[in-house]
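Worksheet: one structure, shown below.
The values are calculated or read from the model by the stated rules, or taken from the named source; none is laboratory data. Remember, predicted model here, so these are calculated numbers, not experimental data. Every residue, glycine as well, gets a Cβ built from its backbone with ideal geometry; the counts of neighbours run over all protein chains shown. For accessibility, only protein heavy atoms count, side chains too; no ligands or nucleic acids. Shrake-Rupley method; radii C 1.70, N 1.55, O 1.52, S 1.80 Å.
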Amino acid sequence: MELRYLRYFATVAELRSFTRAAEKLRIAQPAISQQIKTLEAELGVMLLLRTKRSVQLTAAGHAFLRDAVDILGRTEAARSNARRAAKGEIGTLSVGCFSSASSRFLPEVIQIYREQFPAVRVHLTELTPSQQLDAFARGTIDVGFTRPLPKNHEKDFVQTVIYRDRIVAVLPDRHSLAKSRSIRLEKLSNDDWVLFKRSEGPEQVDRFTQLCATAGFFPRIVSEPAMMQSVLMLVAAGVGVSIVPLCVSCFHQSGVRFIPIQPAPSYLDLRAVRPKGEPQPTVGAFLDLLGQQLPQIKAKYERREIKDDRIRLGARAGSTPQSSR
């Protein structure tokens, strides 16, 4: 049974005329008559009562018409859905991120994306860099916003730099060096340290410990939280000092001071990451939009970073800052 048989039958049933159906379908009338006879022979029932003046549906014809119209409608919907899916207009998009680095730009990007593709279901999951790799392996996220990948994973992914983040020291505001304009890490060699858990971001933590090693010491780590906000909370509690990317200042943790490191370390990238290969249309559309927004994202971040330098990285109003050298 072919779909065209159903379409011919439904049109004849609607118009109650082979002649008008032939005109509407732009097909010769004998061809329509023959196709419907073939359909009736296949079904083993009469669908139409034919006279010289009219065409009437039999009881079997009435029953079959309901199903034929339903099938044709679902076929058209399937055709439309397939075309929309190929354009990325429907489907799902799963994004992994960690909020400290993404909260400044990702909500706006997702909002614009949803305005353009309202039928796509967007899923956003908070994941550390290590958890994002696990999620990619399970196929539960399509795009991740994360730090540079470990060397052994680079060959499997496409990475795009979103912005470059500063690495700063963070001290309890009661620390003797908390009012410094800048700090050399060797001045913190005798302090206890709180560092982000290495298993959750090995490349990032290795950068931090290498900075300490370059300064001539290995940090005495007393706590390794799995979340950056917990790092700040422990620093505020006076448990130790730390090194963090500047983006974590978005948590507005009271009781801490963010201080530039001297000499200034190289920047820490935030990257959009996806598996290599042809992306799904929803993913491709999202990445295209992200690419269009990149100049604004970087400019916005640079303005925010300057603001952080002035308000968070400098001394408090009325204080006399000093450089810890």
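At a glance:
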| item | result |
| --- | --- |
| Hits in the range 239-252 (condition: over 18 Å from GLU224 (Cα atoms) and either assigned to a helix (DSSP H, G or I) or touching a Leu at 6+ places or on another chain (Cβ under 9 Å) (or both)) | LEU246, CYS247, SER249, CYS250, PHE251 |
| Among residues of the range 223-238, those that are touching a helix residue (DSSP H, G or I) at 6+ places or on another chain (Cβ under 9 Å), open to solvent by 20 Å² or more (accessible area, probe 1.4 Å) and not in a helix (DSSP H, G or I), counted | 4 |
| Cross-chain or 6+ apart pairs with Cβ under 8 Å, the range 59-88 first and under 30 Å from VAL120 (Cβ atoms) and in contact (Cβ under 8 Å) with a residue 24 or more places away in the chain, then of a type in the set (Ser, Thr, Tyr) and surrounded by 11 or more Cβ atoms within 10 Å (Cβ to Cβ) | GLY88/THR282 |
| Output for the range 240-253, where each listed residue is surrounded by fewer than 17 Cβ atoms within 10 Å (Cβ to Cβ) and either modelled with pLDDT of 95 or more or in contact with a strand residue (DSSP E or B) (Cβ under 6 Å, 6 or more places away or on another chain) (or both) | none |
| Residue, surrounded by the most Cβ atoms within 10 Å (Cβ to Cβ), within the range 203-217, restricted to residues that are within 19 Å of LEU234 (Cβ to Cβ) and in contact with a helix residue (DSSP H, G or I) (Cβ under 8 Å, 6 or more places away or on another chain) | GLN204 |
| Tally of residues being touching a residue at least 40 places away in the same chain (Cβ under 8 Å) and out of contact with any Leu (no Cβ under 9 Å at 6 or more places or on another chain) across the range 228-238 | 7 |
